[in-house]
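Worksheet: one structure, shown below.
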Amino acid sequence: MTRWEASHRSAHGRVAFSSRDDRALMAVGRAGPGWSFAFDGAPAPFDRHRFVSPAAAAAARAGTRAVVVWCGLRAGGGQPFFHLSVARDGTEQYAFTYQAGEVRRSGDIPRALEPDRFLSGREADAADAEGALLEAVSGEFGTRLPRHAIVRGRLHTFITRSWKRPPREGETYLVISRHRDFARGDRDGRAGGGAPDSR
């Protein structure tokens with residue numbers, strides 16, 4: 001099915017939506033020899049304070065490696081950002097996140113992916129770095145996303161675990177729920193709050 005069909009089907013029948021959760025609807029396919037991809041073309045807003053990379057969980061099986069890229073260097077209406085994390089056998093090997101002109105990193109990042117080579121710290125230059133960064137990731141791992149299949153193809157989809165950590169004590173989040181009659185046109189909805197979001 002197309003992405004629109006999958007998105008419509010996944011939302012069908014849902015009566016509650018929470019800002020504490022961030023489960024992505026991913027389209028999946030082949031990304032090169034020995035690689036598969038999972039792509040979310042309509043991600044939720046990036047929240048670096050609560051973001052948890054799924055790389056380690058995706059590489060939990062022995063002999064498996066996972067690469068997570070979340071690119072928002074050209075995103076409008078917010079601060080440009082870029083995240084890369086790489087895991088093998090259930091353990092994150094290295095990662096970096098760029099946002100607000102700053103880079104946070106962990107592990108031994110290969111020189112070919114060293115963020116200082118692409119991101120000068122000036123947000124005005126961030127959009128220009130997107131293509132070079134994505135090409136560097138592709139070259140490092142021998143992967144490439146099939147753009148035509150993603151944009152126009154009928155790919156299998158699945159819903160991931162949340163990409164956000166659980167809220168901590170004192171944080172708040174928003175829950176919007178609706179009665180089933182609301183979907184039929186009745187004006188009968190409600191919104192409420194609960195504990196734990198960093199927004």
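All of the numbers you see were taken from the coordinates with simple rules; none came from a lab. Nothing here was measured: the structure is a model prediction, and the numbers come from that model. Backbone-built Cβ (ideal geometry, glycine too); neighbour counts: all protein chains shown.
With the contact rule set at Cα under 8 Å and sequence spacing of 6 or more, what percent relative contact order holds for the range 21-165?
Rounded, it is 31 percent for the range 21-165.
Can you give the FRET efficiency to the nearest 0.05 for E102 and V52, using r as the Cβ-Cβ distance and R₀ = 25 Å?
Efficiency, from the Cβ-Cβ distance: 0.85.
Testing the spin-label approximation: label points 7 Å from Cα along Cα→Cβ at E114 and A149. State their distance in nm.
Taking the two extended label points, one gets 3.4 nm.
So if each residue of separation counts as 0.36 nm, and I subtract the Cα-Cα distance between H156 and E169, what length gain in nm does that give?
Once the chain is fully extended between H156 and E169, it gains 0.9 nm.
Sorted from largest to smallest, which semi-axis lengths in Å does the alpha carbon gyration tensor of the range 21-165 give for its equivalent ellipsoid, taking the root of 5 times each eigenvalue?
Working: eigenvalues 98, 65, 55 Å².
Equivalent ellipsoid of the range 21-165: 22, 18, 17 Å, largest first.
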